[in-house]
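Have a look at the structure below, then the notes.
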Amino acid sequence: MKNKIKKYLIIFSVSLNIGFIIAAGYTLIRYKLPYKGHYSRYSYHIRSFDKLNLSAEQKKQIDQLVKDYITASKRIRYSSNQQAIKTYALMEKPGLPDREVLDKYLKAEQFAESNKEKIKLRHLIDIKRVLTDDQATSFFRNLAELKKAHMIKLQQKP
């Protein structure tokens with residue numbers, strides 16, 4: 001009886017692993033990202049570059065710009081998260097929080113958000129400087145289409 005249960009558990013485990021391998025393979029094929037790197041959060045952005053037939057020099061410059069953007073974005077997200085943690089710590093205390101302190105935390109979070117938008121805009125301008133006019137037109141049109149598709153998906157979610 002115990003051997004039979006072990007046998008079923010092993011078969012189940014192997015089947016599960018095969019399923020994970022197939023799912024990973026499907027994902028790699030469906031979302032093949034020829035642009036190698038550490039850009040998981042920004043992969044839609046990177047896939048847009050792959051369609052532009054960039055020169056080697058352009059790829060090098062854009063790769064550096066993307067790395068710089070990711071670093072700056074992480075720094076701002078970290079700062080914003082620190083502010084959120086302070087806000088939550090203030091809110092968890094009994095009674096209503098001090099309004100002045102809460103406003104100070106809110107202003108710090110808003111400052112981080114506005115910096116995030118400034119960094120994004122600066123990044124897009126730097127990207128545009130590297131691209132030819134035709135490449136820039138194609139790139140920004142593609143980003144707009146991706147953003148529209150993303151908005152549609154958000155509207156469809158409950």
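Only the coordinates and a few stated rules stand behind these numbers; no lab work does. Bear in mind the structure is a predicted one, so any value in this text is a computation, not a measurement. All Cβ positions, even for glycine, are placed from backbone atoms using ideal geometry, and neighbour counts span all protein chains on display.
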In percent, what relative contact order does segment 68-124 have, based on Cα pairs under 8 Å that are 6 or more apart in sequence? 54
Could you check the spin-label model distance between Met151 and Lys93? Points 7 Å from the Cα along Cα→Cβ, value in nm. 4.2
Arrange the peptides 143-149, 92-98 so that the one whose residues have, on average, the most other Cβ atoms within 10 Å appears first. 143-149, 92-98
Spin-label pair Ile85/Ser15, simplified geometry with 7 Å Cα→Cβ offset, distance in nm: 4.4
So, R0 is 25 Å and r is the distance between the beta-carbons of Ala56 and Leu143; what FRET efficiency does that work out to, to 0.05? 0.65
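Report Rg(Cα)/(2.2 N^0.38 Å) for segment 42-121, keeping two decimals.
Computed over Cα atoms of segment 42-121, the ratio equals 1.59.
Listed here are the pairs Lys67/Lys120; Lys67/Lys116; Lys128/Lys153; which of them are more than 18 Å apart at the Cα?
Working: Lys67/Lys120 13 Å; Lys67/Lys116 15 Å; Lys128/Lys153 28 Å.
Checking Cα-Cα distances, Lys128/Lys153 exceed 18 Å.
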